[in-house]
Every structure is written in C-alpha cells, then in structure tokens.
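**Student:** I have a structure I would like to understand better, so I am pasting it below and will then ask my questions one at a time.
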Amino acid sequence: MHALKKNRPLRRIVLASAATVSGVVLLLSLKPHASTAVAVGAPATTPSSGSGASAGSGSSGSTGSTGTKSVTGDSIQTRWGPVQVRITLKDGKLTEVTAVTYPQENPRDQEINSYAIPELRREALAAQSAEIDTVSGATYTSDGYRQSLQSALDSAGG
C-alpha cells in the first residue's frame, strides 16, 4: 500500500478538527446585534412619566398646566446596542433623566452600565444640559446617552 493513502484518513481527521475548532472560535467571538430594546426597571416615579412619553423615538407630551413635560430622546445605536433616555422638565428645569434602553445583553454590559448609567444621570441633572463627561470604561454608552439626551432637550425646546 502506498504511504500517502495511509495518511489520508488522518489528514481528513486533522482538517475536520481544525475546521470545527475554527468555526467554534468564530461563533464564540461574535457579539450579536441587540435587536430588542430592554427597558430599565420601573418607570420614573414622577407623575408625568406615565402619560407623557411613549416608547417611540423623539416623542413628547405634557401633563396639563403644571409645566411638567416628559420627552423621550432618539434611540442612538452604539457599537454595543441602542441607548435612549427620557427626560422630565418642570418649569424648564431638568428634574429627571431615565435611561429607557441601554446595552445589557451580557454580564459585561450589565456590569459596565450598572455604574455608568447612574453616573451619567447625576451629571446630566447637575449640568442641566447634555454637556456631560464620558464615564471611563463606558465610552460608547456615554456617547449614546449624551446624543439621546441632547435630542430630548432639543425636542422639549430646552
């Protein structure tokens, strides 16, 4: 029997194994696109949050004569998923900022955004604008948050 014919079954096994390992590595390294938006816990506790804004992009509404207005900013697509915020203005002052959607598809996203979202909210309320600093380690979320916040402020006329 010829020497090459003996090696062919082994060669096939090695090639099939290498292809399988490569395929598994490629599948594990892919991050799926976030196709569904996940809402943050409970909605804001302000009286206007229930009747003010819908889940649509750039929607707004007001709650009568109190001067309270809720506006949802545009959904900004980032590398790790969409970011969208809802703001509440009372007499022209920013009183609440809520992250409606943000990346939380995997444990790493959840870890990063568990500290980034509250920090971005604090900064937005303190600055009363979208001119807020980027949270270290959450650059994409910070950029999306800032853009959505600016679109909500623009829609509200504030």
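**Student:** Working out 0.36 nm times the residue gap between S22 and T139, then minus their Cα-Cα distance, what length gain in nm do you get to one decimal? Working shown, then result.
**Tutor:** Numbers: separation 117, 0.36 × 117 = 42.12 nm, distance 3.10 nm.
Between S22 and T139, full extension yields an extra 39.0 nm.
**Student:** What full-extension length gain, to one decimal in nm, is calculated for L125 and Q110 as 0.36 nm per residue of separation minus the Cα-Cα distance? Let's see the in-between values first.
**Tutor:** Numbers: separation 15, 0.36 × 15 = 5.40 nm, distance 2.25 nm.
Result: 3.1 nm gained on full extension.
**Student:** Which length gain, in nm to one decimal place, applies between K90 and V14 when the Cα-Cα distance is subtracted from 0.36 nm times their residue separation? Numbers along the way, then the final one.
**Tutor:** Numbers: separation 76, 0.36 × 76 = 27.36 nm, distance 6.83 nm.
Gain on extension, K90 to V14, equals 20.5 nm.
**Student:** Still on this model: I'd like the accessible area for S155: 1.4 Å probe, protein heavy atoms, all chains in place, Å² to the nearest 10.
**Tutor:** 60 Å²
**Student:** Could you compute how much accessible surface R11 exposes when probed at 1.4 Å, giving the result in Å² to the nearest 10?
**Tutor:** Answer for R11: close to 120 Å² accessible.
The values are calculated or read from the model by the stated rules, or taken from the named source; none is laboratory data. All values reported here derive from a predicted model rather than from experimental measurement. Surface areas here come from the heavy atoms of the whole protein model, side chains and all, with no ligands, DNA or RNA. Shrake-Rupley method; radii C 1.70, N 1.55, O 1.52, S 1.80 Å.
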